[in-house]
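K.L.:
Below are the structure tokens for one structure; questions will follow.
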Amino acid sequence: MKAFWNLMIAEVKLYLREPVAAFFTIAYAPMMLILFGMIYGNKPEAIFGGLGTMDISVPSYIGLIIVTVGLISVPIDTATNRDKGILRRFRATPLHPEIYLAADVTGNYLMTLIGVLLLVVIGKLAYHIHFSGNWLSVFLGFTLSALAFYALGYLLAALAPTARIAQTVGMVLAFPMMFISGATIPIEVLPHGVRQAANFIPLTHVVTLMRGLWFGDPWSAHLIEVTILVGTLVVSSLLAAHLFRWE
Amino acid sequence: MAVIQVEGLRKTYGDLVAVDGISFQVQEGEVFGMVGPNGAGKTTTIECIEGLRQPDGGVITLLGMDPQKDGYQLHQRIGAQLQEAGLPDRLKVGEAMRLFASFYRHSVEWRSLLEQFGLAEKEKAYFGGLSGGQKQRLFIALALINNPEMVFLDELTTGLDPQARRAMWDLVRNIRGQGKTVFLTTHYMEEAEQLCDRVVVIDRGKIVALDTPAALIRSLGAEKRVAFTLSGSLDLQPFRRVPGVAKVERIGERVVIYGQGEKLLSGVVTILEQANVPFRDLHTEQPTLEDVFLALTGREMRD
């Protein structure tokens, strides 16, 4: 337990000392929100069923934070720890790999959570965004989505031979996802073809689930999203555990 | 009592046989050195004993346990400085000590360890900002944080300048002074000579010799050399009559006298004084482990 806490605290400290990672996790989504808020405001729009742009942006941007941590931070940190021999050094101690993983996931989860809370608070204060869901459901949906994307991130780290490759592949996957999944630009304004293609992207399902739960959909309305995200979580975790190299 | 027993250890990487059936024992309280050129199989051997690599054949017993099966339990009792290891650049020295201390059931007071290794002022410094020698000292401090019975040091001084290397040697003597057993690898023969009670010489995955450094050098029966530089001319004939002299050589200004025995140096000096010629740079050269390796393998240590 002592090892878990110390590792997690170290993880969070290291995150905050890396300005680029901290910026993209904590500040990027709120900044986008303010920027688009200045352009569109939050007046009711027919295309969003009477909700404002800010109302739907806040739950959507949760996906933006999740994909940043999952496909950029997790693979870069994990592959860097491997490349630099940090994981090797840990292996020469009695530290169990499961404790390392638990601390790493918790540290990343805390950072994601901080980013999301900041986003929601700014949305509430600046744009009085609507919320008609259940907080617990939103929290659970967020947690499932985050874990599924971390699992993808660990899989990417397991597959990439070096941290540089993990970084490149992570960014190549993350950036297009951000723009066609509805996590940045509302899915309603995207062309039909793009929306069709977006169905094959896991992030689209995160955005759909978060928006749905945010405005009070029951879980039964999102069985497809939940199935896809649970599947991503299980398959990626198993593959990552099987393929992961410590050095 | 043997704390490490290695029987017929074998490890291959594809077609390459890194360690080819070696056997040896390490006794409690000794500094045991494994020497040999790069690629001889030293790191593979030490990492098999530490439980970080799985051997393809042979039996290893460390502190009465099997490193493959009892790894976690063994890691409570040993300390390891690895050849290739790192820490996050933005982790502070004190944070690294606290973090590693938390991995063990029992740990020593880490601040006094930092003090002992001259890193007390670096407690708040980032790992990435340390010099090579400071990083290496931190890694030894981390290896000692659980007060281990057995310490593994893999290529401890590679990449350090001579001064830092000598400082490191004092630290190793200090570890031995605390009654801990030390297993170290090095490709510096001088280091092995300075630090080790016993040395195993390994080449291409096989053991070529195992004994105390002094016995290895003695077994060579090698000659001492007395050398000096001479500007003028001098009859070299009298040197050949000094007891124990085997050969006298002059190459340009440099004269080298080969031989054995205690009287060699005093005999040469007496003749030089009687001849009353100006000479400089007089020194003796002892055979070293380097010569042992050359004699045993027919090759220089440095490839």
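Please treat every number below as a calculation from the coordinates, not as lab data. Quick caveat: nothing in here was measured; it's all calculated off a predicted structure. Here Cβ is always computed from backbone atoms with ideal geometry, including for glycine, and neighbour counts include all displayed protein chains.
K.L.:
Residues in the stretch B:28-46 that are under 13 Å from B:Cys196 (Cα atoms) and touching a Gly at 6+ places or on another chain (Cβ under 7 Å): how many?
P.N.:
Going through the stretch B:28-46 one residue at a time, the tally reaches 1.
K.L.:
Additional query: Filter the stretch A:6-34 for residues that are within 8 Å of another protein chain (Cβ to nearest Cβ), touching a helix residue (DSSP H, G or I) at 6+ places or on another chain (Cβ under 8 Å) and surrounded by fewer than 17 Cβ atoms within 10 Å (Cβ to Cβ) and give the result.
P.N.:
Within the stretch A:6-34, just A:Lys13 meets the criteria.
K.L.:
Of the conditions (1) free of Cβ contacts under 8 Å to residues at least 60 places away in the same chain; (2) buried (at least 21 other Cβ atoms within 10 Å of the Cβ); (3) within 21 Å of A:Leu7 (Cα to Cα); (4) within 11 Å of another protein chain (Cβ to nearest Cβ), B:Val93 satisfies every one except a single condition; which number is it?
P.N.:
Condition not satisfied by B:Val93: (4).
Residues checked against (1) within 13 Å of another protein chain (Cβ to nearest Cβ); (2) crowded, with 21+ Cβ neighbours inside 10 Å:
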{"position": "B:Lys11", "(1), (2)": "no, yes"}
{"position": "B:Gly21", "(1), (2)": "no, no"}
{"position": "B:Gln27", "(1), (2)": "no, no"}
{"position": "B:Val35", "(1), (2)": "no, yes"}
{"position": "B:Ala40", "(1), (2)": "no, yes"}
{"position": "B:Ile49", "(1), (2)": "yes, yes"}
{"position": "B:Ile78", "(1), (2)": "yes, yes"}
{"position": "B:Leu82", "(1), (2)": "yes, yes"}
{"position": "B:Leu87", "(1), (2)": "yes, yes"}
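K.L.:
Can you find even one residue in the stretch A:52-61 that is under 22 Å from the mean Cα position of the chain (by Cα) and aromatic (Phe, Trp, Tyr)?
P.N.:
First pass over the stretch A:52-61, keeping only residues under 22 Å from the mean Cα position of the chain (by Cα): A:53-61.
Filter once more, so that each one left must be aromatic (Phe, Trp, Tyr): A:61.
Yes, the stretch A:52-61 contains a residue that is under 22 Å from the mean Cα position of the chain (by Cα) and aromatic (Phe, Trp, Tyr).
K.L.:
Name every residue in the stretch B:51-108 that is closer than 27 Å to A:Asp77 by Cα and aliphatic (A, V, I, L, M), in order of residue number.
P.N.:
Within the stretch B:51-108, B:Leu52, B:Ala80, B:Leu82, B:Ala85, B:Leu87, B:Leu91, B:Val93, B:Ala96, B:Met97, B:Leu99, B:Ala101 meet the criteria.
K.L.:
Can you find even one residue in the stretch A:109-118 that is within 14 Å of chain B (Cβ to nearest Cβ), in a helix (DSSP H, G or I) and among the aromatic types (Phe, Trp, Tyr)? Full working, then the answer.
P.N.:
Going through the stretch A:109-118, the residues within 14 Å of chain B (Cβ to nearest Cβ) turn out to be none.
No, that holds for no residue.
K.L.:
Next question. Kindly indicate the residue of the stretch B:131-156 that is in contact with a Gly (Cβ under 9 Å, 6 or more places away or on another chain) and polar (S, T, N, Q) and also nearest to the other protein chains (Cβ to nearest Cβ) among those meeting that condition.
P.N.:
B:Asn146
K.L.:
In the set A:Met8, A:Met1, A:Met31, which member is closer than 22 Å to A:Ile122 by Cα and out of contact with any strand residue (DSSP E or B) (no Cβ under 6 Å at 6 or more places or on another chain)? Show your work before the answer.
P.N.:
On the way: A:Met8 fails: closer than 22 Å to A:Ile122 by Cα; A:Met1 fails: closer than 22 Å to A:Ile122 by Cα.
Going through A:Met8, A:Met1, A:Met31 in turn, the sole match is A:Met31.
K.L.:
Quick one: which helices (runs of 4 or more DSSP H) lie wholly within the stretch A:138-218 and hold at least 3 residues that are closer than 24 Å to A:Ala21 by Cβ and of a type in the set (A, V, I, L, M)?
P.N.:
Details: elements: A:163-180, A:192-198, A:202-214.
The qualifying helices (runs of 4 or more DSSP H) are A:163-180, A:202-214.
K.L.:
crowded, with 21+ Cβ neighbours inside 10 Å, farther than 22 Å from A:Val226 by Cα and not charged (D, E, K, R): which single residue out of A:Gly153, A:Gly170 fits that description? Write out each step before concluding.
P.N.:
Details: A:Gly153 fails: farther than 22 Å from A:Val226 by Cα.
The match here is A:Gly170.
K.L.:
Here is a follow-up. Could you tell me whether the stretch A:64-79 includes any residue that is farther than 17 Å from A:Tyr109 by Cα and either surrounded by fewer than 22 Cβ atoms within 10 Å (Cβ to Cβ) or in contact (Cβ under 8 Å) with a residue 40 or more places away in the chain (or both)?
P.N.:
Step one: filter the stretch A:64-79 for residues farther than 17 Å from A:Tyr109 by Cα, giving A:79.
Filter once more, keeping what is either surrounded by fewer than 22 Cβ atoms within 10 Å (Cβ to Cβ) or in contact (Cβ under 8 Å) with a residue 40 or more places away in the chain (or both): A:79.
Scanning the stretch A:64-79 turns up at least one residue that is farther than 17 Å from A:Tyr109 by Cα and either surrounded by fewer than 22 Cβ atoms within 10 Å (Cβ to Cβ) or in contact (Cβ under 8 Å) with a residue 40 or more places away in the chain (or both).
K.L.:
Give the number of residues within the stretch A:119-130 that are touching a residue at least 12 places away in the same chain (Cβ under 8 Å) and in a helix (DSSP H, G or I). I'd like the intermediate steps shown before the answer.
P.N.:
Kept after step one, since they are touching a residue at least 12 places away in the same chain (Cβ under 8 Å), are these residues of the stretch A:119-130: A:119-120, A:122-123, A:126-130.
Applying the additional criterion that residues be in a helix (DSSP H, G or I) yields A:119-120, A:122-123, A:126-127.
Total satisfying the criteria: 6.
K.L.:
Looking only at residues that are loosely packed, with under 12 Cβ neighbours inside 10 Å and without any contact (Cβ under 8 Å) to a residue 12 or more places away in the chain in the stretch B:211-232, which one is farthest from the chain's Cα centre (by Cα)?
P.N.:
Initial filter on the stretch B:211-232 (loosely packed, with under 12 Cβ neighbours inside 10 Å): B:214, B:221, B:231-232.
After this cut, where a residue has to be without any contact (Cβ under 8 Å) to a residue 12 or more places away in the chain as well, the list is B:214, B:221.
On the way: B:Ala214: 14, B:Gly221: 22 Å.
So, considering only residues that are loosely packed, with under 12 Cβ neighbours inside 10 Å and without any contact (Cβ under 8 Å) to a residue 12 or more places away in the chain, the one farthest from the chain's Cα centre (by Cα) is B:Gly221.
K.L.:
Quick one: in the stretch B:131-177, of everything that is outside any loop (DSSP other than H, G, I, E, B) and of a type in the set (Asp, Glu), which residue is surrounded by the fewest Cβ atoms within 10 Å (Cβ to Cβ)?
P.N.:
Of the stretch B:131-177, the ones outside any loop (DSSP other than H, G, I, E, B) are B:132-143, B:150-154, B:162-177.
Of the ones still in play, those that are also of a type in the set (Asp, Glu) are B:154, B:170.
Numbers: B:Asp154: 23, B:Asp170: 8.
Checked the stretch B:131-177; the qualifying residue surrounded by the fewest Cβ atoms within 10 Å (Cβ to Cβ) is B:Asp170.
K.L.:
I'd like to verify a number: residues in the stretch B:97-125 that are within 11 Å of chain A (Cβ to nearest Cβ), buried (at least 17 other Cβ atoms within 10 Å of the Cβ) and outside any helix (DSSP H, G or I), how many?
P.N.:
Final tally of qualifying residues: 4.
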